[in-house]
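First comes the structure, then the notes that go with it.
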Amino acid sequence: MNATRLVVRFGLLASIASLLSFSALAQDVKLKKKQVPRAVISAFRSAYPQATIRGFAREKENGKVYYEVESVEGQTTRDVLFNPDGTVAEVEESVPNNDLPSAGLEALHSKYPGAVVTKVEKITKGDVTEYEAHARVGKKRVSMELDAGGRPLKQD
């Protein structure tokens, strides 16, 4: 086999391996309502009776399966991550920009001078609360994750 054929075959194999590993990382799968455990639907409806469901997904994180319910209620967007038994693992919901702790706003402006906050999300995992602030600096979009006190966790 000549060198050119060997390089082409190796390249093809590398491409296939890359695609397979990428698909293995894609852990979010959109679902239809009938594919979601009844316990999850029931728990969501009980907790948020006025919310309109926009979609469902199955997520796998660290080998554990969760079901996500995406919803909107008035001006609030909400994504709730459930365990298969219907218990809540995480709630991510939009909140008014002024709900962001002042230390968080200061950290955002320190890292991104001139940033204009466009959206704030409150993330609750058990008794731990965090915030995710989304902002615009000119045409560039940035975000920052913060703890409950407004201290940065990580930035994009």
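Might you check whether a residue that is among the aliphatic types (A, V, I, L, M), closer than 20 Å to residue 75 by Cβ and within 17 Å of the chain's Cα centre (by Cα) occurs anywhere in segment 100-115? No, segment 100-115 has no match at all. All conditions in (1) under 13 Å from residue 28 (Cα atoms); (2) modelled with pLDDT of 95 or more hold for residue 61, with the sole exception of (2).
Quick check on segment 46-53. Is at least one of its residues open to solvent by 30 Å² or more (accessible area, probe 1.4 Å) and of a type in the set (Phe, Trp, Tyr)? Looking through segment 46-53, at least one residue is open to solvent by 30 Å² or more (accessible area, probe 1.4 Å) and of a type in the set (Phe, Trp, Tyr). When the residues of segment 74-99 are filtered to those that are farther than 15 Å from residue 122 by Cα and of a type outside the set (Val, Ile, Thr), the one that is nearest to the chain's Cα centre (by Cα) is 82.
The values are calculated or read from the model by the stated rules, or taken from the named source; none is laboratory data. None of the values given here were measured: they were computed from a predicted structure. Positions of Cβ are generated from backbone atoms using ideal geometry, with glycine treated the same way; all protein chains shown enter the neighbour counts. Areas reflect the complete protein model, heavy atoms only, side chains present, ligands, DNA and RNA absent. Shrake-Rupley method; radii C 1.70, N 1.55, O 1.52, S 1.80 Å.
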